[in-house]
Amino acid sequence: MKLPEAIVAQADEFTALRRRIHAQPELGFDERLTSDLVAERLAAWGIEVDRSFAKTGVVGLVHGRDGGACRRLVGLRADMDALPIEELNAFAHRSRHAGVMHACGHDGHTAMLLAAARHLAAARAFDGTVVLIFQPAEEGRGGAQAMVREGVFERYPVEAVFGLHNWPGYPQGTLAVSPGPVMASANTFKIVVSGRGSHAALPHLGVDPMPVACQVVSALQTVITRNKAPLDAAVLSVTMIHGGEASNVVPERCTIEGTVRAFRAEVVDLIERRMRAIAEHTCAAFEAGCEFEFVRRAPPVVNHRREALFAAEVMRGIVGDAQALVQEPQMPSEDFAFMLQARPGAYAFIGNGEGGHRAPGHGEGPCMLHNPSYDFNDALLPLGATYWVRLAEAWLAAPPRAGCAAANPPRR
């Protein structure tokens, strides 16, 4: 593995920084401590800072040895927000904010990009500008969409934008990227079954929404097993059922909520259509009312071929062929998809291991994403920072493709 000595030498410093961020987790659009820390460090390293996007977003501009005169720009993105989870870990850097936790590694993503920023600013071994995008609110709150909507790529017209996420289960020391779909779309649904309340001992005088809801939940799975083509990957998960307040009362309503994941818009269209029909007709069969809501939260993450192959070549130069893996598509979603709709780019994984890195005092659960016993693997920080540095330097050293944004200067 080929890591710059200067980055390796700063590993302890950025481990401490990562753990500081872990201890002060903040939810989407409220990452004030985190964004203040990011902006302060960038400014201290002589990096131009722009804090005008998405409430708590931070953009840093590292100009190369030409001062950015060649007008070529490449974007590197890290997310900063935490999750509404009560942390089970008891080690020293556990969350100090009740009910909020960095359970997805965004603390590590921020630290890796900061480590890369420091190295890029110190060496400036490139011509052009590296645009560092520290994004808020990735966890379902629309941070990437907000930054795109507010014109981050119009002000900073990058030729390509890249993202990186730790992935538990992939061995430590590995990197992975592939062209095409790599993360599924995120969609949520809510079905309200309306009945007529009554005494539980006199159910014939009412319309009980509870058994109707059970029928709907069971029937929804036939959309996946009998309506969708077997080779089209998709998941439909009912995650919440709410109804009733007393054991002797038939309630008026029962609410069903959940998520749908798929890689193709046509599959999502089919699932939504069939879900609506099943919910409405099942309710009607039992003389119950139905309210159906389906919300498309984020499109699938689809890596652009040229950029993914470019990133893979950079990975091989760092970790070798055996450790540069083929990225397997995953069903979780990522709002980096909105950035890839606006600009070419690629979203990659860095292996977080199996959890053996966790300090004494970790929770009993596995070290999986969105788990209250999760913790980021600090041994990844030098590798992640190296990937960012080598990727940015290599991209800006390569000839620009025809029609890229190189002719357009950043606008302030």
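The values are calculated or read from the model by the stated rules, or taken from the named source; none is laboratory data. Quick caveat: nothing in here was measured; it's all calculated off a predicted structure. Heads up, the Cβs are rebuilt from the backbone with ideal geometry, glycines too, and the neighbour counts pull from every protein chain shown.
Quick rundown of the values:
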{"quantity": "Extreme residue, surrounded by the most Cβ atoms within 10 Å (Cβ to Cβ), among residues of the range 278-296 that are aliphatic (A, V, I, L, M) and in contact with a helix residue (DSSP H, G or I) (Cβ under 8 Å, 6 or more places away or on another chain)", "calculated": "Ala279"}
{"quantity": "Residue match in the range 19-42 (condition: modelled with pLDDT of 95 or more, acidic (Asp, Glu), over 17 Å from His106 (Cβ atoms) and assigned by TED's automatic domain parsing to the domain that holds Gly128)", "calculated": "yes"}
{"quantity": "Candidate set from the range 95-112 (those that are surrounded by fewer than 24 Cβ atoms within 10 Å (Cβ to Cβ) and touching a helix residue (DSSP H, G or I) at 6+ places or on another chain (Cβ under 7 Å)); member that is nearest to Gly351 (Cα to Cα)", "calculated": "Ser95"}
{"quantity": "Where Gly320 falls short, out of the listed (1) closer than 21 Å to Val217 by Cβ; (2) surrounded by fewer than 16 Cβ atoms within 10 Å (Cβ to Cβ)", "calculated": "(1)"}
{"quantity": "Of residues in the range 194-222 being touching a residue at least 60 places away in the same chain (Cβ under 8 Å) and not in a helix (DSSP H, G or I), the one surrounded by the most Cβ atoms within 10 Å (Cβ to Cβ)", "calculated": "Gly195"}
{"quantity": "Filter pass, Thr239 being under 21 Å from the mean Cα position of the chain (by Cα), in contact (Cβ under 8 Å) with a residue 12 or more places away in the chain and farther than 29 Å from Ala312 by Cβ", "calculated": "yes"}
{"quantity": "Test for Asp12: is it surrounded by fewer than 16 Cβ atoms within 10 Å (Cβ to Cβ), out of contact with any strand residue (DSSP E or B) (no Cβ under 8 Å at 6 or more places or on another chain), in the same structural domain as Val158 (by TED's automatic domain parsing) and closer than 21 Å to His362 by Cα", "calculated": "yes"}
{"quantity": "Which listed residue, of Glu154, Glu159, Glu138, is farther than 27 Å from Asn371 by Cα, of a type in the set (Asp, Glu) and either assigned to a loop (DSSP other than H, G, I, E, B) or in contact with a Cys (Cβ under 9 Å, 6 or more places away or on another chain) (or both)", "calculated": "Glu159"}
{"quantity": "Residue check for Leu325: assigned by TED's automatic domain parsing to the domain that holds Leu205 and of a type in the set (A, V, I, L, M, F, W, C)", "calculated": "no"}
{"quantity": "Pairs where the first residue, in the range 60-71, is crowded, with 21+ Cβ neighbours inside 10 Å and the second is in a loop (DSSP other than H, G, I, E, B) and of a type in the set (Asp, Glu), C-beta under 6 Å, 6+ apart", "calculated": "Gly64/Asp127"}
{"quantity": "Matching residues, the range 234-246, being within 27 Å of Pro329 (Cα to Cα) and surrounded by fewer than 16 Cβ atoms within 10 Å (Cβ to Cβ)", "calculated": "Val235, Ser237, Thr239, Met240"}
{"quantity": "Which numbered condition Pro230 misses (of (1) closer than 22 Å to Pro181 by Cα; (2) touching a helix residue (DSSP H, G or I) at 6+ places or on another chain (Cβ under 8 Å); (3) of a type outside the set (Lys, Arg))", "calculated": "(2)"}
